[in-house]
1. Given a 1.4 Å probe, how much area per residue of the chain is accessible, in Å²?
2. Considering amide H positions built from the backbone, and no H for Pro or chain starts, which residues 5 or more places from residue 376, or on another chain, come under 5 Å of its amide H?
3. Rounded to the nearest 500 deg cm²/dmol, what is the calculated helix-only ellipticity per residue at 222 nm for the chain, with -39500 (n - 2.57) per DSSP H run of length n ≥ 4?
4. At 0.36 nm per residue, and after removing the present C-alpha to C-alpha distance, how many nm does the segment from residue 176 to residue 220 gain when stretched out fully?
5. Can you classify the chain as rounded, prolate or oblate using the Cα gyration tensor, where a ≥ b ≥ c are the square roots of its eigenvalues, rounded means a/c under 1.5, and otherwise it's prolate if a/b beats b/c and oblate if not?
6. Once amide H atoms are built 1.01 Å from N in the peptide plane, which residues 5 or more positions from residue 74, or in another chain, come under 5 Å H to H?
7. How would you rank 92-101, 874-883, 10-19, highest first, on the average number of other Cβ atoms within 10 Å across their residues?
8. If you roll a 1.4 Å probe over segment 469-537 with all protein chains in place, what percent of the accessible area is carbon or sulfur?
Amino acid sequence: MTTRNLDALFAPRAIALIGASNAPRSVGAVLARNLMESGFAGPVMAVNPHESAIRSALSYHSLADLPAAPELAVIATPPPTVPGLIAELATRGCRAAVVITAGFGEAGGAGADLRQQILNAARPSLMRIVGPNCLGVISPAAGLNASFAQLTPKAGSLALVAQSGAVTTAALDWADARGYGFSRIVTLGDMADADFGDMLDFLALDAATAAILLYVESVTAARKFMSAARAAGRTKPVVVIKAGRSAAGAKAALSHTGALAGADAVYDAAFRRAGLLRVTELRELFDAVTTLSAGIDVRGDRLAIVSNGGGAGVMAVDALDARGGHLAELSPATLARLNAALPAAWSKGDPVDIIGDAGPDRYEVALEAVLADPRVDAVLAINCPTAVTDSTEAAEAVLKVVRAHRPRPALLTAWLGETAPAKARALFAAERVPTHETPDEAVRAFMHLADHARNRQLLLQAPGSAAGPPPDSAKAQAIIAKALDRGLTLLSDADAKAVLAVYGVPALATETAKTPAEAAEVARRLGGVVALKILSPDITHKSDVGGVALGLAPDGVEAAGEAMLARVAKAAPAAKLDGFMVQAMANKPGAHELIAGIATDATFGPVVLFGAGGVAVEVLADRAVGLPPLNQHLARDMIGRTRIAKLLAGYRDRPAANEAAIVDVLIRLADLAADLPAIAELDINPLLADAAGVIALDARIRIAAGPRPATAIRPYPADLARSLERGGETLELRPVRPDDAARLQDLVARTDAEDVRLRFRSGLARLPDVWAARLSQIDYDREMALAAIDAAGDILGVARLAGDPEGETAEFALLVRSDHQHRGIGRTLMQALIDYAKARRYRQLWGSIAGDNARMIDLARDLGFARTADPADPALVRAILSLS
């Protein structure tokens, strides 16, 4: 359940306040004041068995006495009374309740049973519950303040969803002083029912909301959250603060990967993948959403700085470097243009110092030059007040440049000082040009834009599997099943590398030996120098107990083994020792030591980790986390977020590592994580990487029986692909992939204009790039698009399904290329879509068809769809198929 009945939270026709009070400073009294004095147009019915009136309004002694059924109930009564109240409200037709009361097992206490009773009472009528233990709900435009907040905020276009009432009240106070207004405010409390996923689904389609602010302490139902967050992130800015950045939850992890993939790193990866922007402070939350709502788009993180003060420009450069941005390298053409227009003493590069006596004309020519440079992603204009220039005139010159560019240029400002720039800042604010008081604040705003743009690119990724033939996952599952049957929780080195081999991850061959003498025999057979490592199910990090010896000649292996046994016995006397691993030394003198692996997060399921490896891996803590599935773009983004990425790119006489090989390993690990739920942790450390490729030296795989959280993002459903025969031709029927965008544009281009009009209800000579990207980037948990593809790789038709957030009904659409109609392709695609909808347990499939689209109406009738008038448009026919 997600958005059903949530409209009753924000626009109810009648409200009941249960637990209303006249006692000064009580929660019931504050709730009564806010509900009755915030301008709500409908009835607010107070319920208190001991009062005849609340704030001069009649008080009812029980729900049975209410003269009308409330759509929204606000409850502030002791915990034992709440389940009965919910049950009684449900029978009267109440659609939503806000439970202010705490004491429902928030910390594992005795109230957990009462919490379940609340849900049981609400479920039959699908009544929605916000809370318990929450501040309440506010909808300023509706005059609704169903909270015990200290004020009613003014109406605006920002939505705030938070778990903490204390943070919400602080945010309201901070925002009120600065003039921010809100569309909706919801405090979720303990999220017994309504959660972040529900609210994001509602707000994504809420016309009153232009941007969404989140304060998150924890997420429930990760796949629902990711689908809802991605849906919201596609349509409007979503900015989030996540409390609890500690990695303490990872202390008990077995492997380096598990220790490094702490909960905060996983949340960070989830927010990035959903296209959300994460910030760290309350003020930054509002600053970021203001910047993102300014209508500015950036392509990357290369910033050009134009300043009338050299020191201010240097401050901006320092801030940019500290935040991971890059100073733009101006093109020769731009430098020539600036040389011709600026005084000879200008800085001759970025930052562009236009000298302290710069008037408005100098700002104008400098900004026009750098904005035209393709190497520049955005421009920061800085002004320092001087006695020989006017800050307001400089601002007017900047605005002249802004007005001359359509679309709006990527331009931010920092007008320094307090008194002199006040009018200039007001001018900028009036035209929604981001303006700041210091270079550091302006650079932070630019990086918000750059990070958000990068995250939106991650949002558009819906990857398939690794290139090449699919792995024989059954073989890997058999290895794991055999180990579980033996009661093992850790695969042997040989079995771990066998699993990696199934998925195409190159690993150094390892042989085992029971005794030092056997190890010496193995070494002589391998030839050359070898590595000797202790073999024990009880020792996680071999080097910590002296269980690794490198560069041994075969004649020295036996003595090294004896010494190793003595060291390990002393360092880990309780460990069970099974012998030794003997490996030929990998001859990669210039290779980088990396770590790659899989960990399992309790909320988001399996995650992939990458970073700098070796014995100091946890000290360096240089890592990036990503959610499977991955593709090349996502894997490269993970690599780029680590410090070792700069070394992998090559430096001095050391060539660049083979990035494609590293990317391939990460994609294959993501596939492995999705395919093999019994793998709890996987650790490759080190993964050696050089110009020739990669090879895994050590691999540890921890396994566990029983259920594990599913991937937070549903992988590409390759199992739906099949072949079909139509008109003597073999076609492929499969789900649409992200790389199909150009094929979808080709489909539209080769379809008659009338057929395109009937499908899209508008004339399209060409499918726009943005549409093609959106129609090929599928959230497979909520959508499906099945394509029929010929031997040449051309898409001949697509049937598409978009499910509602409740997972109960889904809308269909169909387009078949005009020159391939009347061959049964449309019927086959629609039948496949119906079968898919049934398998996903949708209750109903429906679609709106143009009244003059006789062929589609006939096809729908033949497939069993009923027809009715479309309530939204009399020119349309609604076709409905019951699947239940």
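The values are calculated or read from the model by the stated rules, or taken from the named source; none is laboratory data. Keep in mind that this is a model prediction, so the values were computed, not measured. Here the Cβ is made from the backbone with ideal geometry for all residues, glycine too, and neighbour counts use every protein chain on show. We work out accessible area using only protein heavy atoms, side chains counted, and drop any ligands, DNA or RNA first. Shrake-Rupley method; radii C 1.70, N 1.55, O 1.52, S 1.80 Å.
1. Computed with neighbouring chains in place, this is 40 Å² per residue.
2. So residue 376 has HN proximity to no qualifying residue.
3. -10500 deg cm²/dmol
4. Taking residue 176 through residue 220 to full extension adds about 12.8 nm, to one decimal.
5. rounded
6. 16, 17, 18, 98
7. 92-101, 10-19, 874-883
8. Here carbon and sulfur together make up 58 percent of the probe-accessible area.
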